[in-house]
Amino acid sequence: MQALAHSVRDRLIERWHDTHQYFKKKDPKRIYFLSLEFLMGRSLTNSVTNLGIQDQYADALTQLGFDYEVLAEQEGDAALGNGGLARFAACQMDSLATLDYPAWGYGLRYQYGLFRQIIVDGFQHEQPDFWLNFGNPWEIERVHVSYPVKFYGTVEEEVLNGKKCKIWIPGESVEAVAYDNPIPGYGTRNAINLRLWAAKPSDQYDMESYTTGDYINAIVNRQKAETISNVLYPDDRSYQGKELRLKQQYFFVSASLQDIMRRFKDLHRSFDEFPEKVALQINDTHPSISIAEVMRVLVDEEHLDWSKAWDIACRIFSVTIHAVQPEGLEKIPVDLLGSVLPRHLEIIYEINYRLVEELKKSFGQDYDKLSRMSIIEEGAVKSIRMANLSLACCHTVNGVSRVHLETLKTRVFKDYYELWPQKFQCKTNGVTQRRWIVVSNPSLCSIISKWLGTEAWIRNVDLISGLREYAKDPDLHTEWKNMKRVNKMRLAEYIETLTSVKVSLDAMFNVQIKRIHEYKRQLLNMLGIIHRYDCIKNMDESDKRRVVPRVCIIGGKAAPGYEVAKKIIKLCHAVADKVNNDPDVGDLLKVVFIPDYNVSVAELVIPGSDLSQHLSTAGHEASGTGCMKFLMNGCLLLATADGSAVEIAEEIGAENMFLFGAKVDEVPALREKGTTLKGSLQFARVVRMVRDGYFGFKDYFKSLCDTVEDGGDFYLLGYDFASYLEAQAAADRTFVDQEKWTQMSILSTAGSGKFSSDRTIEEYAQQSWGIEPCKCPF
Ligand code: 26Y
């Protein structure tokens, strides 16, 4: 595998090198995509596909006595991210390369990616993911591309040309070393760069200790420098205000900006041209310290006037928000920021002072509003609101689906929307059809190309709608069903190897794979399964013959400190244990938890699914991108009208999916009703079964049951339960009619064009970044 990877890498490097020479020659405006997380998964098959050399490689390997697919499966995942935000960043890189945009990705080269999930007695345990153990064949270490990144210290005043200036005297310096990861486009020679920074001790590091003879301490301190890029934070919910996290953010931001500015200065003299050559995209608020850093460099180092520098900053930055809840937006305690980055704190105060002065012109003395909009949050812990810093500066603030943008406008950033409505834009997420069809579902890929008579849809996904015309064609139906069966077989083998559970291929494979969160309502899924089990137990044999057999597949990681999510995982196992071993049930119901869900597991599971579930309480899923991957693969969707599911329903027709549950605008009123809101009797019964210890672990599950009863039920499981069961029943009725099901499945794939990240990237390029393609000649 290593040899194979290195051989592919040679081809990649040629293109990557040529592309950069070409970009250098043409000097177009470039987009720099800053993200703390990239969830790339495996690279081999993706690279081989995008380079268009799969057949040659497969043949050559056969001649050498190897099997391409077997080798490809040896590769581990690059899991430098948590979930949706990070995988979306990876899809965007693929689209940027394919569409020939002059783009760079910048991030952190964590030594430990997202933890590996192992399950012991049904409980999640976390194990370190030391993914660089055998080296990473895809990266190119650039020992000569390195920059010092400074922390701590003090700020002093000095006089330069008769003008008072601030200078930062840092207390610590760490070296950022570049590791380049070529990202090949499909059907083009372009290969762009994902540059990830690793922390290394600086040569000047703690020289004083050497001179005073404290050699051991000096070495220990050097090692500490490396901790900055050691480990990815595994939480995707709330920001904890940790020093290491702030250092990670500034470390990669500072190195990236030095790199970007050096590249700019190689060809340009004046920063006046900076906005014509540079667009900076910040992926959520995580890299938003870059705004203060750009100001520091322009004002303190390049000696630009404040207002000139601010004008430049406002013209280069755009941000995408991926959160719905205010808790998802980072706040950095002022004391922490003042200690780690003292000059940046001053700069943020100055930005805020000018902002508030401007706001006063619009809102006068409305102090409530001013304090809500301020970048500084007064309170028990005085903090910097990184979202408000981004809102103050960025020319564009993007939501990730229409529903999400609406939430940003009317709730999360209401005040800012009223002030600057033109900044707010919707860029509905997308996923790349290269990885999610061509690589992961080759049989579907061949069917699509055959029926459309062209492979052009792989670069121009709008063409996929051409399948609609054949949605009722019996020949296509036969091919489609065969494809699905082969994929289900592969998945069934995987399930049996991992869990020893044998599943029937005639059953409906019903899947929910995503991070475990209360709002995503895996618990609703489990309670639905318990209800189904309870019904089967109470049936006579003739009723049982009418039951549609189901395999319920669940997968996902819980953040290590997220107790409720961990209990949900245990409940999945407890229910699986009972159901799978009950002779009354047999093949009618099987429950499987797939451990260690990651990108390559998704590539296997999605093509083999019949139905996928997206159960977030309406208004809580910013977009959701998993549903788009299922859609492309012709899996039917059972979903709430939330995030991108609303737009999916518009594209394929609501009659081609199973929608259920409260609508976004009903949720607040339902919550108001609070304690008076009772779920159905059926709901009470299934919760009672868990409470009474029907699945064991009575004491352990008590607090989990409390979250959905006694007036709690913030996520409205009780309210949505009846309509959820009805949607599941509708799915059963449709599954019995295989012609209808297959037609809906074809229409799902045919309607998935809008949800390609190619469309998303075109929108960003035109509406936010103002960049043009720059295609390297073949
Ligand atoms: C601040 C830190 C704790 C943090 C780290 C990671 C906070 C949030 C995250 C990740 C968020 C995330 O993955 N959000 C998801 O982004 C997807 C891409 O836009 C959306 O489809 C999905 O709805 C949203 O939950």
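Coordinate-derived values only; no laboratory data. Being a predicted model, the structure only gives us computed values, none of them experimental. Glycine gets a Cβ as well: all are built from the backbone with ideal geometry, and neighbour counts include every protein chain shown.
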Of all DSSP beta bridges having both residues in the chain, the percent classed as antiparallel (nearest 5) is 45
Exposure proxy check on Y215, Y353: fewest-to-most Cβ neighbours within 10 Å is Y215, Y353
For the chain, take the longest principal axis of its alpha carbons; what is the angle in degrees between that and the long axis of helix 243-267, to the nearest 10 within 0 to 90?
60
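Using a Förster distance of 60 Å, how high is the FRET efficiency between A669 and Q74, based on the Cβ-Cβ distance and rounded to 0.05? Before the final figure, lay out the partial values.
Values: r = 54 Å, r/R0 = 0.89.
Given R0 = 60 Å and the Cβ-Cβ separation, E is 0.65.
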Points 7 angstrom from Cα along the Cβ direction at L505 and E655: gap in nanometres?
3.2
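Which order, highest average first, do 747-753, 229-235, 564-570 follow once you tally other Cβ atoms within 10 Å for each residue and take the mean per peptide?
Numbers: 747-753: 24.0, 229-235: 18.4, 564-570: 21.7.
Packing proxy ranking, top to bottom: 747-753, 564-570, 229-235.
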Under a cut-off of 14 Å between alpha-carbon atoms, report the aspartates and glutamates in cross-link reach of K25, not counting same-chain residues fewer than 8 places apart.
D266
What's the center-to-center distance, using Cα atoms, between region 682-706 and region 291-360 in Å?
49
Note, region 450-457: 3J(HN,Hα) by Karplus (6.51, -1.76, 1.60, θ = phi - 60°), whole Hz, Gly/Pro = x, goes 5, 6, 7, x, 6, 9, 4, 4
Would you work out which of A492, P668, A507 lies farthest towards the positive end of the dipole of region 433-750? Charges go on Cβ: Lys and Arg +1, Asp and Glu -1.
A492
Averaging sequence separations of C-alpha pairs under 8 Å and six or more residues apart, then dividing by the length of region 433-750, give the relative contact order as a whole percent.
21
Once fully extended, how much extra length lies between D235 and A729, figured as 0.36 nm per residue of separation less the alpha-carbon to alpha-carbon distance?
174.3 nm
How high is the FRET efficiency from V381 to S7, r the C-beta distance, R0 56 Å, rounded to 0.05?
0.55
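Explain nothing, just the number: dipole magnitude of the chain about its Cα centre with +1 on each Lys and Arg Cβ and -1 on each Asp and Glu Cβ, in debye rounded to the nearest 20.
500
Decide, for region 1-44, between rounded, prolate and oblate: order the square roots of the alpha carbon gyration tensor eigenvalues as a ≥ b ≥ c, take rounded if a/c falls under 1.5, and otherwise choose prolate if a/b is larger than b/c, else oblate.
Details: a/c = 5.20, a/b = 1.32, b/c = 3.94.
Oblate.
Going highest first, how would you order 634-641, 189-196 by mean Cβ packing within 10 Å?
On the way: 634-641: 25.6, 189-196: 23.9.
For the peptides 634-641, 189-196, the packing ranking is 634-641, 189-196.
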Taking the chain and dividing mean pair separation by its residue count, relative contact order in percent (alpha carbons under 8 Å, at least six apart)
15
R0 = 30 Å: FRET efficiency of Y215 with D335, Cβ-based, nearest 0.05?
0.35
Got a sec to turn the phi values of region 118-131 into Karplus ³J(HN,Hα) couplings, 6.51 cos²θ - 1.76 cosθ + 1.60 with θ = phi - 60°, whole Hz, x for Gly and Pro?
10, 10, 10, 6, x, 9, 6, 10, 9, 10, x, 9, 8, 6
Degrees separating the helix 522-537 axis from the principal Cα axis of the chain, which is the longest one:
10
With bins 10 Å wide starting at 0, give me the P(r) of region 520-603 over every alpha carbon pair, in whole percents.
16, 46, 27, 10, 1
Multiply the residue separation of F778 and N460 by 0.36 nm, subtract the distance between their alpha-carbon atoms, and state the gained length in nm to one decimal.
112.5 nm
Kirkwood Rh over alpha-carbon pairs of the chain plugged into Stokes-Einstein at 25 °C, 0.890 mPa s gives a D in µm²/s of 89
If one puts a single equal scatterer on every Cα of region 433-750 and applies the Debye formula without solvent, what log₁₀ I(q)/I(0) results at q = 0.15 Å⁻¹?
-1.25
Label model pair S449, I53: point-to-point distance (7 angstrom along the Cα→beta-carbon line) in nm is 1.8
Expected vector for region 332-340, Karplus 3J(HN,Hα) from phi with 6.51, -1.76, 1.60 and θ = phi - 60°, integer Hz, x for Gly and Pro, equals 10, x, 4, 4, 5, 5, x, 7, 7
Want the number for Y519 to Q738: 0.36 nm per residue separation, take away the alpha-carbon distance, what's left?
75.6 nm
At 7 Å along the Cα-to-beta-carbon direction for both H303 and Q365, put a label point, then send me their distance in nm to one decimal.
4.4
Would you give the gap between the C-alpha center of region 513-566 and the C-alpha center of region 567-621, rounded to a whole Å?
7
Nonlocal amide H pairs with V231, under 5 Å, H built at 1.01 Å
Q111, Y112
